[in-house]
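K.L.:
Structure incoming, see below.
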Amino acid sequence: MQPLANLHGKIMPLDEVTISPLDRGFLFGDAVYEVLRIYKGKPWLEAEHFDRFERSLREIRIAGVDMTRMRQRMHETIRAGGFLESTVYLQVTRGAAPRKHAFPKDVIPLELLWVQEYHDTYTKMCQTGCGVITYPDLRWHRCDIKSTNLLGNVLANQTASEAGCPEALLYLPDGTMTEASHSSFFAVQGGQLHTTPLKANVLPSITRGFALKLAAEAGIAVVERILKKAELDQVDELFLVGTTCEILPIVAVDNLSVKSGLPGPITRRLQAIYAEYVRRFTA
């Protein structure tokens, strides 16, 4: 199936969408976005994603976007294409205006989304675990906003890809671990989950929040703290969480095994609970 887009309420093939070269999303990255997983035609964690979408718009002061309307367009596009296992990408930019850094007046935000089939590349890795690399965090200081300014993420992930890894864990000059290039991560130590506090300039990941809910349900204690790069060889387990990878065990960092080099028991437990929630959601 070909991706199907919705531009300002008009449904069309994605390759037929045209956007002005003066759009501020193109010129400045003056835009925010969201990505949702679709299971059997149903958007997963929809309310949480749209709450974050609305927050990102508010933080960069893009006004006049009706979230209820955006959600309706998303559902209409999913139905129009008959999409089942898929993803939806939504993006709002400040709009098109003569190139000038300051916000233009009376500009209409660009509202775009598209739905495409999802071809799962993570199933095998979720069973065997994956290796990751570490990489300097080169991003700006408002990573809590899900903006399209992703060059730092792109460079990190490209380096990971060249190393044969699906992901890079990011660290600051003092060794503080933040998150990954397009996902979040957890460590397990002494039977507890350790996760970076949101105040540490990281994205309020939707899957991270859901994983915390799963941990509470499983009676697993959670510690929000700064993890240092030098500690990575001391943890019992590591795993990634994200919209597409769900819960993905990390078994090696920079070619060094995490403990036994196999997915750990707490990671496996959370994977099982996650899968059960998805099963119930799609039943």
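The values are calculated or read from the model by the stated rules, or taken from the named source; none is laboratory data. As the structure is a computational prediction, the values presented were derived from the model and not from experiment. Counting neighbours? That spans all protein chains shown, and the Cβs are built from the backbone with ideal geometry, glycine included.
K.L.:
Give the number of residues within segment 80-100 that are over 15 Å from LEU36 (Cβ atoms), in contact (Cβ under 8 Å) with a residue 24 or more places away in the chain and not in a strand (DSSP E or B). Break it down stepwise before answering.
P.N.:
Applying the first criterion (over 15 Å from LEU36 (Cβ atoms)) to segment 80-100 yields 80, 82, 93-100.
Going one step further and asking which of them are in contact (Cβ under 8 Å) with a residue 24 or more places away in the chain, we end up with 80, 82, 93-99.
Okay, now just the ones that are also not in a strand (DSSP E or B), so 80, 82, 94-95, 97-99.
Residues flagged as over 15 Å from LEU36 (Cβ atoms), in contact (Cβ under 8 Å) with a residue 24 or more places away in the chain and not in a strand (DSSP E or B) within segment 80-100 amount to 7.
K.L.:
I'd like to know if segment 79-96 contains one or more residues that are buried (at least 16 other Cβ atoms within 10 Å of the Cβ) and at positive phi. Spell out how you get there, then give the answer.
P.N.:
Quick first cut of segment 79-96, residues buried (at least 16 other Cβ atoms within 10 Å of the Cβ) only: 81, 83, 86-96.
Within this subset, residues satisfying the condition of being at positive phi are 95.
Yes, that holds for at least one residue.
K.L.:
Which of the residues that make up segment 110-124 are crowded, with 18+ Cβ neighbours inside 10 Å and either over 29 Å from GLN91 (Cα atoms) or without any contact (Cβ under 8 Å) to a residue 40 or more places away in the chain (or both)?
P.N.:
Step one: list which residues in segment 110-124 are crowded, with 18+ Cβ neighbours inside 10 Å, which gives 110-116.
The answer is none; no residue qualifies.
K.L.:
Take the residues in segment 43-53 that are farther than 15 Å from GLN72 by Cβ and of a type in the set (D, E, K, R), then tell me which one is surrounded by the fewest Cβ atoms within 10 Å (Cβ to Cβ).
P.N.:
Only one residue tops the list, namely ASP51.
K.L.:
Which residue out of ARG268, ARG225, ARG208 is modelled with pLDDT of 95 or more, farther than 28 Å from ASP51 by Cβ, among the charged types (D, E, K, R) and assigned by TED's automatic domain parsing to the domain that holds LYS146?
P.N.:
Numbers: ARG225 fails: farther than 28 Å from ASP51 by Cβ; ARG208 fails: farther than 28 Å from ASP51 by Cβ.
Only one candidate qualifies: ARG268.
K.L.:
Which residue is nearest to the chain's Cα centre (by Cα), if the candidates are limited to segment 132-161 and must be closer than 17 Å to GLU34 by Cα and in a loop (DSSP other than H, G, I, E, B)?
P.N.:
Checked segment 132-161; the qualifying residue nearest to the chain's Cα centre (by Cα) is LYS146.
K.L.:
Scan segment 55-74 for residues that are surrounded by fewer than 16 Cβ atoms within 10 Å (Cβ to Cβ) and in a helix (DSSP H, G or I) and jot them down.
P.N.:
ARG55, ARG58, GLU59, MET67, THR68, ARG69, GLN72
K.L.:
Something else now. In segment 145-188, which residues are within 16 Å of ALA211 (Cα to Cα) and either among the β-branched types (Val, Ile, Thr) or surrounded by fewer than 20 Cβ atoms within 10 Å (Cβ to Cβ) (or both)?
P.N.:
VAL188
K.L.:
I've got another one for you. Give GLY95, GLY175, GLY82 a once-over and let me know the one that is in contact with a strand residue (DSSP E or B) (Cβ under 8 Å, 6 or more places away or on another chain) and over 25 Å from SER20 (Cβ atoms). First the steps, then the outcome.
P.N.:
Details: GLY95 fails: over 25 Å from SER20 (Cβ atoms); GLY82 fails: in contact with a strand residue (DSSP E or B) (Cβ under 8 Å, 6 or more places away or on another chain).
So the residue among GLY95, GLY175, GLY82 that is in contact with a strand residue (DSSP E or B) (Cβ under 8 Å, 6 or more places away or on another chain) and over 25 Å from SER20 (Cβ atoms) is GLY175.
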